[in-house]
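First comes the structure, then the notes that go with it.
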Amino acid sequence: MHQALTYDHPNPVIMKNRNTEVPYMKNPEGIPYVIAHRGASGQLPDHSAASYATAYYDGAHFNEPDLQVTKDGVLVVMHDECMKSSTNIEDLTQFADRRTNATVSTNETYFECINDFLVNDFTWQELVESGLKLRSRYKERGEFYNSLFAPMRLEDAIDFMLDLNDRSPRENRKFKTGLYIETKSVGFYKQERNVDIAKLLYEVLEKYDLETVEKAAKKLPIFIQSFEQDSLLYFKTKTNLPTVQLMWDEQEYDLEWVTSYANGAGPKHTMLFNYDDEEYNLYKPSRLIEKCHELGMQVHPYTLQDDKLVYASNEIDEMIIWEAKGIDGVFTEFPRSTLSILKHSHSNRILLSGTDQCTLVEDSCT
Amino acid sequence: MKLVILIAILLISKHSWAYDNPDPVIRENRNAEIPYLENPEGRPYVVSHRGACGTLPDHSTAAYATAYFDGTDFDEPDLQVTKDGVLFVMHNLCMKETTNIADLPQFDDRRSDVLHITNETTFKCTDDYIVNDFTWQELIDAGLKVRNRYKSRNHFYDDLYPPMRLENAIELMLELNEKSPKQGRKFKTGLYIETKAVRFYKEKRNVDIAKILYDTLEKYDLHTVEKATEKLPIFIESFEQDSLLYFKSKTDLPTVQLMTSSIEYDLDWISSYSNGVGPKHTYMFNQEGEDFNLDKPSKFVERCHELDMKVHPYVLQDDILVYSEDPIDEVKIWEAKGVDGYFTEFPQSTLNTLLYTKSQRELTLIKE
């Protein structure tokens, strides 16, 4: 009965939704999920249709939209609350006088817009008609695609994924390629702008008939992720869709509490190496992941970036290290590369020992 | 004493026998040193076949730019020529397979056939649109766009990009190298240029595509090894030896003889005008007396190396693997064979694996 103690959320609706089985919670292929962070943003502008299409064809299991909301309540797929970093808005002179500042700093989340253009200060139509285009947030990733792709609404991203799955179905996959959706700045939008972005998201999912696990498993697998627990608690009162608590390393989390409303955790990768006084190492399972697994949560850390490796000097060694920690999924900006390496090490494991305990590092295969 | 001297002469001049092309100009150009012939990074070259066409339309600017940012060492344009002498970057002589031309009604009555068979190449176009039947401008004005040739690949970018002229490709590479220089690389990211159908164009269409290429390189001041090394490394490749012989009579730029699996080649003769070979990958596995294996050096590659030629086989396709079930193993197998470069359609993937194997080698060295 250990499980009942762990998932004992005081709210019976949340408890029931939390305990619903999610068919696509684990990747049936036996390798971690490849979640394309902002699409294949390593090579294409963040959150562009191109980035999502490329990630799709690269074999990602999920594309990963972040959501902001416009003045007229349209959900826009964008990481930042303001637009300088990943669009060409500074070149659009008609908006020159619309700059502003905004800062949010809570224990769960942080953003800072300085002399910037807030999504929420514009209507969707204004942005569309202005010729706004997405660009890669890192200059070193190249400017080749910078003036080509307009931002998407969430509806566009959903339509697009449904279309791709329909027209070019992935072979040998049990589930369709889905969407792993992040609600950002839920508190900011509620308190400062009087708009409930979590509710808007739920309504869009309902409009597309994707608001339960049963429907999503068939049509388009959905995860709901957030740094803000209120957002996930809200969702768990409305639906049994899987929720994932994102975690950053500036905060302590009560994992027992988290597991009562979240099916998974999305920690910053550093937390896989320094949890609970564990000795820093590159090849032993992570204590954090072990604890999450005991509590019935999957773990999807962020973010793997081939061009900004942290633990190794090349992508393959980096992935071996992340995998050795015991991850169930990974947010990556280079989905093709990540998937290829995961499939390779998976088939190597089977070849070498037939168990999942083995990694590619010499010494640890017995 | 005489015997000793004779042996000494044999040993010293072994190289000059191998490169002994009867033509002194060709001989001299063949023996010129090429700073970028071998990759100074301590791993094989990554040559993006038609750009990063695994994920983008073949020979589109996007495919070339993406390959560039993926870290490729070279982008690889094939050349055709239009009615008005413009060098068109395209693999096929005709346009149905990789463009939207069949959707352009104004060209309905311009379809034609080509059948050109030589001992080196075969070209066949059936009820198709031949590049050489059109002027460059009419194609551009009509809204011609490039597409990916494989149904199973990403078609999101189809019909977004117009084709390139060779000049566009050169300018693109010069610009990319200037605006976003690759960190820690000794040489710039270059162009590995293929002349196709040289004999067809000469014999049937009365146009010398090799000469037009040379003139274009001259226009961009890239027609010698010295200039290319500084500005934009260039390789010239072809299935047709006449093309390479022509180039070696004009310039010291490195030449590479492409080899199909259906012809017998005289490697000694090839090495007299060619700095490298680009064989179909099967050559690495099936030489006489060689047992099929996936992990021992290739007899063919060893022979080429004896003749002082680099080996760049074609084509590695992550989605159409031949020797293994995953792209990482495939790259490793080719590397075990001893290759000096890869024609690949997935440059990022190939480069990832090569960086990994390189760091494994370095790890081993440290341990020793």
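Choose one of B:Ile170, B:Ser261, A:Trp257: the residue whose Cα lies farthest towards the positive end of the charge dipole of the protein assembly as shown (beta-carbon charges +1 Lys, Arg; -1 Asp, Glu; about the Cα centre). Among B:Ile170, B:Ser261, A:Trp257, the one farthest towards the positive end of the dipole of the protein assembly as shown is B:Ser261. The charge dipole of chain A, taken about the Cα centre with unit charges on the Cβ atoms of Lys, Arg (+1) and Asp, Glu (-1), comes to about 980 debye, rounded to the nearest 20. Taking only protein heavy atoms and a 1.4 Å probe, the accessible area of chain B is 52% carbon and sulfur.
Based on C-alpha pairs under 8 angstrom that are at least 6 apart in sequence, the range A:81-141 has a relative contact order of 44 percent. Here's how it looks for A:Tyr180: its modeled amide H is under 5 Å from those of A:Asn63, A:Glu64, A:Phe223, which are all 5 or more places away or on a different chain. Interface burial in the range B:331-368, defined as at least 40 Å² less accessible area with all protein chains than with the chain alone at a 1.4 Å probe, covers B:Gln348, B:Asn352, B:Tyr356. Beta bridges per DSSP, both residues in the protein assembly as shown: antiparallel share near 30 percent. Size descriptors for the range A:189-266 (Cα atoms only): Rg and Dmax, in that order, 13.2, 38 Å.
Here A:Arg18 sits with roughly 10 square angstrom of accessible surface, probe radius 1.4 Å. When the helices of the protein assembly as shown are scored as -39500 (n - 2.57) per DSSP H run of n ≥ 4 and the total is divided over every residue, the value at 222 nm lands at -10000 deg cm²/dmol. Against the empirical 2.2 N^0.38 Å (N residues), chain B has a Cα radius of gyration ratio of 1.01.
Convex hull volume of the C-alpha atoms in the protein assembly as shown, normalised per residue: 187 Å³.
Work out the FRET efficiency for A:Glu155 and B:Ala32 from their Cβ-Cβ distance, taking R0 = 51 Å, and round it to the nearest 0.05.
Numbers: r = 61 Å, r/R0 = 1.20.
Working from the Cβ atoms, E equals 0.25.
Per-residue 3J(HN,Hα) values for the range B:51-61, derived from phi via the Karplus relation 6.51 cos²θ - 1.76 cosθ + 1.60 with θ = phi - 60°, read x, 7, 7, x, 10, 9, x, 3, 6, 8, 4 Hz in sequence order (x marks Gly and Pro).
Annotation: amide H-H contacts under 5 Å for B:Tyr192 (H modelled 1.01 Å from N, sequence separation of 5 or more, or interchain): B:Asp75, B:Glu76, B:Phe235. Extent along the principal axes, Cα only, for chain A: 66, 48, 43 Å, with the longest axis given first.
Comparing the full protein assembly with the isolated chain, the residues of the range A:139-154 losing at least 50 square angstrom of accessible surface (1.4 Å probe) are A:Phe144, A:Tyr145.
Just so you know, the Cα atoms of the range A:81-141 work out to an Rg and Dmax of 12.5, 37 Å.
Counting only protein heavy atoms and a 1.4 Å probe, the protein assembly as shown has 42 square angstrom of accessible area per residue. Note on chain B: dipole from Cβ charges, positive end direction compared against B:Leu294, B:Ser324, B:Val131; the farthest Cα belongs to B:Leu294. 3J(HN,Hα) couplings calculated from phi for the range B:265-271 with the Karplus curve 6.51 cos²θ - 1.76 cosθ + 1.60 (θ = phi - 60°) are, in sequence order, 10, 9, 5, 5, 4, 4, 5 Hz; Gly and Pro show x. On the beta carbon distance between B:Asn286 and B:Ile263, with R0 = 22 Å, the FRET formula returns roughly 0.95. Over all Cα pairs of the range B:30-161, how is the pair count split among 10 Å bins, expressed in % and running from 0 up to the last occupied bin? Taking every Cα pair in the range B:30-161, the percentages come to 12, 35, 32, 16, 5, 0. Using the Karplus relation 6.51 cos²θ - 1.76 cosθ + 1.60 with θ = phi - 60°, the per-residue 3J(HN,Hα) values for the range B:70-81 come to 6, x, 4, 8, 9, 9, 10, x, 9, 10, 10, 9 Hz, with x marking Gly and Pro.
I'd like the distance between the alpha-carbon centres of the range B:117-156 and the range A:241-316, rounded to an integer number of Å. Using only Cα atoms to place each centre, the spacing works out to 50 Å.
In the range A:45-60, the residues that give up 50 Å² or more of accessible area when the other protein chains are added, compared with the chain on its own (1.4 Å probe), are A:Tyr57. Computed from the Cβ-Cβ distance with R0 of 25 Å, the FRET efficiency linking B:Arg185 to A:Glu143 stands at 0.85. The fraction of accessible area contributed by carbon and sulfur in chain A is 47 percent, rounded to a whole number (1.4 Å probe; ligands and nucleic acids excluded).
Over 20 Å apart at the Cα level, from the set B:Lys186/B:Lys358; A:Lys308/B:Lys337; A:Lys219/A:Lys325; A:Lys139/A:Lys343; A:Lys174/A:Lys199; B:Lys188/B:Lys337, are A:Lys308/B:Lys337; A:Lys219/A:Lys325; A:Lys139/A:Lys343; A:Lys174/A:Lys199; B:Lys188/B:Lys337. Of B:Lys250, B:Lys124, B:Lys332, which is the most mobile in a GNM of chain B whose springs link Cα atoms less than 10 angstrom apart? Among B:Lys250, B:Lys124, B:Lys332, the largest GNM mean-square fluctuation belongs to B:Lys124. Both chains summed, the buried accessible area for A and B stands near 2400 Å², from protein heavy atoms and a 1.4 Å probe.
Around the amide H of A:Gly329, modelled in the peptide plane, lie the amide H atoms of A:Tyr33, A:Val299, all under 5 Å away and 5 or more residues distant in sequence or on another chain.
Its Cα centre serving as origin, chain B has a Cβ charge dipole (Lys and Arg +1, Asp and Glu -1) of approximately 500 debye.
Comparing A:Ala198, B:Thr364, A:Phe235 along the charge dipole axis of the protein assembly as shown, the residue lying farthest to the positive side is B:Thr364, per the Cβ-charge model. Residues considered: B:Gln348, B:Gln317, B:Gln106. Largest GNM mean-square fluctuation over chain B, using C-alpha springs under 10 Å, is found at B:Gln106. Basic side chains Lys and Arg get +1 at the Cβ, acidic Asp and Glu get -1 at the Cβ, and with that the dipole of the range A:81-141 about its Cα centre reaches some 300 debye.
The values are calculated or read from the model by the stated rules, or taken from the named source; none is laboratory data. Note that this is a predicted model, so its numbers are computed, not measured. Quick reminder, even Gly has a Cβ in these numbers, built from the backbone with ideal geometry, and neighbours come from all protein chains shown. Ligands, DNA and RNA are excluded from the accessible area calculation, which covers all protein heavy atoms including side chains. Shrake-Rupley method; radii C 1.70, N 1.55, O 1.52, S 1.80 Å.
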